[in-house]
1. Calculate for chain A the 222 nm mean residue ellipticity that helices alone would give, adding -39,500 (n - 2.57) per DSSP H run of length 4 or more and normalising by residue count, nearest 500 deg cm²/dmol.
2. Expressed as an acute angle from 0 to 90° and rounded to the nearest 10, what is the orientation of the C-alpha long axis of helix A:2-16 relative to the principal long axis of chain A?
3. Compute, for chain B, the length of the dipole vector about the Cα centre, with Cβ point charges of +1 (Lys, Arg) and -1 (Asp, Glu) only. Units Debye, rounded to 20.
4. Only helical DSSP H runs with n ≥ 4 go in: add -39500 (n - 2.57) per run for chain B, normalise by residue count and round the 222 nm mean residue ellipticity to 500 deg cm²/dmol.
5. Kindly provide the pair-distance distribution of region A:14-171 built from C-alpha pairs, with 10 Å bins from 0 and whole-percent values in order of increasing distance.
6. Let a ≥ b ≥ c be the square roots of the eigenvalues of the Cα gyration tensor of region B:469-678; is it rounded (a/c under 1.5), or, if not, prolate (a/b larger than b/c) or oblate?
7. Using Cα centres only, tell me the gap between region A:26-47 and region A:216-256 in whole Å.
8. Restricting to bridges with both residues inside the protein assembly as shown, how much of the DSSP beta-bridge set is antiparallel, in percent to the nearest 5?
Amino acid sequence: MKTYIAILICLLLLITGMMAQERKVEPWDAKAEVKYKKRLAEVKEEIWSWKQAGFKNRTVPAEYAKESAVVLAKHIELTTPDKDRELHRSIRVLVAINDKAALEEYSEFSFKQYESLSSWYALEPFDKMTKVTYMGARIFKKDGGTREIYSDEAVVTEVNRRSHKTRKLAIPDLQVGDMIEYFVREERFINHANAYTEELFVLGDEEPVMEYSVHVSAWEEVFALEYRCMNGAPNFKQKIADHMMQLDMLVKNVPPQPVKLWMNPFRQIPMVRLHLRVGARREKLGRRKEGTIYSNPNALKTRDEAVAELVAMRNATSSGTLPFLGEVWDNVKQFKKTNKNASDEELTHYIYYLIRYMGLYRVNPQDEIVVDQRRNWAGLSERNFLRYVNYMLVKNDIDADFVLATPRYGPSQNEVFETDDFRVMLKTVGKKPVYMSAEGIFSNTEYIPAEFEGQKAPLVTGGPRDESIKGNVEIPYSEAKQNRQVENLLISFGQDDLQQLKIDRTSSATGHFKQPLQQKLLLYEDYYDAERQALGIKQSFMDEFADSKRNRSLADEYRNAFEKARKDVKESFLDEVKTQFDNQPESLDKFSVLKMGLRHNEPEISYNMAFTMNGYIKKAGSNYIIDAGRLIGPQMSIKPSQRERKADVYMPFARSFEYNLEFRIPAGYTLEGADKLARSIDNECGSFVVTTKQAEGKLTVSVKKIYKNAFAPAAKWPQLLEMVDAAEAFQQQKILLRKA
Amino acid sequence: MPYSRNCLYLNVILCGLTLPALAFGGIKKPEKAEHKRIVPLAKAGSVVAARMFSGGGLNQQVSVPARTPFLHEASPFTEENKNIVIRERKERYEFVKGDDKHPVWVKQSFTTFYRCDEYRGSIPVVEFYDDYSRVDEVKAYVNGDRMKVKVEHDYYSVEGFFYSDARICGFMLPLEKKGTESKVELQKTVLDPRYFTTVFFQEEFFQEQKEITLVVPRWMKLEIKEMNFGKAGVQSSKTYDEKNNADVYTYTAKSIKPSKSEQNAPGPSYLYPHLLVVSHAAETPAGKITYFGNVNDLYTWYRSLVKEIGNDPAAIKTTALDITKDKKDDLEKIKAVYTWVQENIRYIAFEDGIAGFRPAKAQDVLQKKYGDCKGMANLTKEMLNALGLDARLCWIGTRHIAYDYSTPTLSVDNHMICAVNLKGKQYFLDATETYIGFDQYAERIQGRQVLIENGDQYTLSKVPARTFEQNRQVEKRILHVEGNNLVGSVDHRYTGECTEYILTQAHQVKKDKLEEALQQFLTKENRAYAISSVKTSDLHDWSKDMTIQYDLQHKDAVNNFGDELYIELDFRKEMEDGNIDTTLREHDLWLSFKRQLVQETTLAIPAGYKVKSLPPAVNIDHPKYAFKAVYEQQADKVVYRKEITIKNTHLEKKEFSGWNNDIKKLRQTYLEQITLTKK
């Protein structure tokens, strides 16, 4: 009946859509507003009556006087008012406003007054599918005066009958030196037995927090609670009394976390994750026993749940989850027929690229025409894509395992807390395993995403019968030489204008550097055709369309779109040069992609450009000073506040950069100062080495910069700094072109 | 499960936007602190609209990512792209009898034929409305077949506005294939002729044919002004419709280029041909309704709104007296009130119905500590009035608007400030300019005509124009050589809008990070340009010049080759990237404000060295700008002095070539070094 009503409402909306522009408040909204105001009055009375001591504090400690804002007290409550799976989440915060930046930050609030939690039903405030938000604020003036404002006074900025109503609240009378105390209360229902809330209490933010407290209270007959304290965060005090499971935490003087560079908050900052979930009579996978508090539960339990989910996903093979299976089989059979001696490894690669092609490369007549760079961001669902690949491997008797990896910027294996902490790769079994992931339209085999490197991960067999893990794998780190950017610059001087550089540049990138450049520079027309041919697919979609009476004009339209994309890609090359050199070229005379790097056996993208640049050569009398150091492009600069470091260093991956600059010395000039360019910093964390060679009217400067590891303990930060500083300082280096 | 990654199978996560960003030509974007309603100038889409109505497109399977970082202005909707054109667009505006509340309506009907010339796709079709207008009906036809239109309505978020009553409605219109046409018919009603002020010819697509018809019954008195018709090739005619006793004005044009949004360009009212409709009066059965026959009518209407404000002078007086208690004379009091409003009232723009024209109560703004330009001007005025001073409200159009009060329409102004008369002098106070000093004026209001309240009368005046001397930025460096480094001390002094620019940036930075941010600004994030012992004047006092002093060690700035030292004395290289791309730029360029940058570096010649060569001087003195750079040896010193002066901010297209040549000369100066050699 409810579905029927919803459909009817939708139809009515269709018919009366044009009337929706009337500004008058609609009856449903007006009716809800009455209830909202009544409830708001109750909520504010409840929250303002909380007794935490921190909210009486009006003194900013001297040590934080220079902070933009200081949180004097922050209290979060998660409560279940009755046994009807209703959930109230409240936060109350008292903040001292010390400057205009903080004033701006705290002077306006935007919130969704009503938000539908279902995409099926029209918004109906106060039903079980809608989250309702209340908020209020009071200001404590320096002179002792106070002001209050509440969410019902906020202006309405958006009303979407299907999904939400949004409001904006401007805080009155707030000035630097005042304190603002605000609360936000969300009320909703937990509608599914498997659902849980995701709470994250982070004890370390931009602003210092003088008192941080949490209170959780849930009916023991209905709910279960579980939490995990990480990185030194304290445990909750827990008790069960009056049918309520209760958790409490109080932490004082939480300092700000000033270091943002190369941090990994999930593994470095104290935090607590908490789930409030609907309990079950008996504990089982995906369910927790009602009335139970699981304090820092064994991570293996979560892992086993993730394995069970993965197994279910792996086995869910049907025509719905394996579309175009017939075509895939036809092509695989053809491949095997024409490559009778193909190894399992070769077949693995073929299957992977075939499914990538079917999902992302080929075109159907009804598709929107998207052939420019936007297409390069296409991607596939990780699990669904790998399930398909695995299915075909199994059917072709190739053993593979799913790798349940935890990304390195999330919790580690022994601190996982929910199944979504895991991601998935696929790996063939054997001495030389082939790793497979789903990283987008340019994803290739034998590639491990940087976020999985160095992680220990359980394996789940790809075959349909096994349901438990079959051991673990230590996912290897890539080495700096695998993630490599090489710049080869042939530099000559303008014949008419010695201050203009003519640069012929050939660049290449491998490993984790490859995909961003592919997304920026490749054209769909090129990689579609290259892959189609590599897979042995004879007819292109253009041929198909041209042969079809119905779609013949489409081929013509695609040709127009290809032409436009090819013309427009020049802008991407220009932008790439500008980014690399932090300087706009005067002209881009030619550009081309030499290698697209579409597959594991073509590990690099490379491209060539010829352009002219100004701004690197200074005239001094009849001589010229060349800003040689700047030609390697902008280098990282570590800010003063980041130079002292106590936290370990989490970089995305080990990497290397190579710049080979060949200057062609113009006739009538000699080159001086090349010897001053040479330098060598080489330590455990990285190296920056410059060598030069001068012969036959040429100066060759070779610059190699290497970040040797993705991780460095804090104690080795000075070594990393030494290398980074050396590269930055090199940018100041100059050579002289002296008139002979 | 909180969420699932198992989203649609192989469902290409090309997520999001279906259409790329397009030139933002259609909508009048407000400059800071403009108080008037947003009057859309064109009827078709915008970036926002594309995002809002791009749910499907022709195919849900392949859509386009929201992150499309390489989209440039060459989007499918610029003239460079010939994919979609408007074969014909007809607009009809007819004045008709309305209802009791709004006796005269303007019924509007737009018929647009879109043609796909290269490849199929979908385009957003949108229309704006607000409290004083409504969209009545939308019909669409794809390749001749009626399409079921599902129009989405939404609040339209206007940049810089906390709240606006602007609404947008629209849908995605498919173009079936190359060579086909889609047609849209849209009916709209403006409920009051006051708000029907302009009709622009430009759309966001190239138009092959355009016809605009205005049907004006003779009971409706109005004036139609033809603006920027110059070379637009607009043909016009006027006929009489005897049956309806109406004059019919018809304007036609062919081959109309799409509008193009460019940074620092004049407002659309300067750029595009349009009709300015000045509704004077209407004879209705209920009697004559006077709209805006002349500026007096406009003022009378504004005045009627001001009378409704409901200010409470008593509530203001206490604060006004408190702010000025230590001030000895009236001038000091005015300055104190102005500075207090600048410092303590946050600018938050509201535009809601008639409140888009009527200031909020002064006591409310005072109590809330926020307001829009009208609220801030009204509070300033009330405070000064409470102190017995002669302060008045002023309506003003910022430089964005091409008209003055000789054209009495609501399009003539977009801002409100306060004027105060003291001892025969008139000062203007615009507290929305948070960090500008008293009697200093922002470029956007300088020289602009102001309508000043004067009881039941009004006066017209002008905000004084200022020269570049109001806005100066002077840097003086005294340096000597130490090894490979330049070492010394540096002084900066900022005035006027230069101060405002720096302070606006500074106060957006959290104070625990301000020192570092200031350092990064002064060093251009170059650690080799190491500064220490930074001292600034009070960043909360902009009534005086802002100053910064520090010690400098510019590492590796001295290059030693053989017996020679090569030194670069210009570190900042202001306007190095001032070149205008004449291949892309369509409109004139309006620089932010007039100003003068002076840089003076004095370098002590190291003992044992003498000057071998100094770069040649540059001396460009154009009526609108000057670039000067001179190196001089003065005894044992080399003095480098550079002046960049913007005397007039309006650069016309015809001046671009000269400007680029002069910028090239300036850049060449930046590519010169001095050479010292051993004696």
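1. -7500 deg cm²/dmol
2. 70 degrees
3. 380 debye
4. So the calculated ellipticity at 222 nm is -5000 deg cm²/dmol.
5. For region A:14-171, the pair-distance distribution reads 9, 32, 31, 18, 8, 1, 0.
6. Cα axes put region B:469-678 in the oblate bin.
7. Going from one Cα centre to the other spans 30 Å.
8. Of those bridges, close to 90 percent are antiparallel.
Where a number appears in this text, it was derived from the coordinates with a stated rule and is not lab data. Computed from a predicted model, the values in this text were never measured in an experiment. Cβ sites come from the backbone with ideal geometry, for glycine too, and all protein chains shown count toward neighbours.
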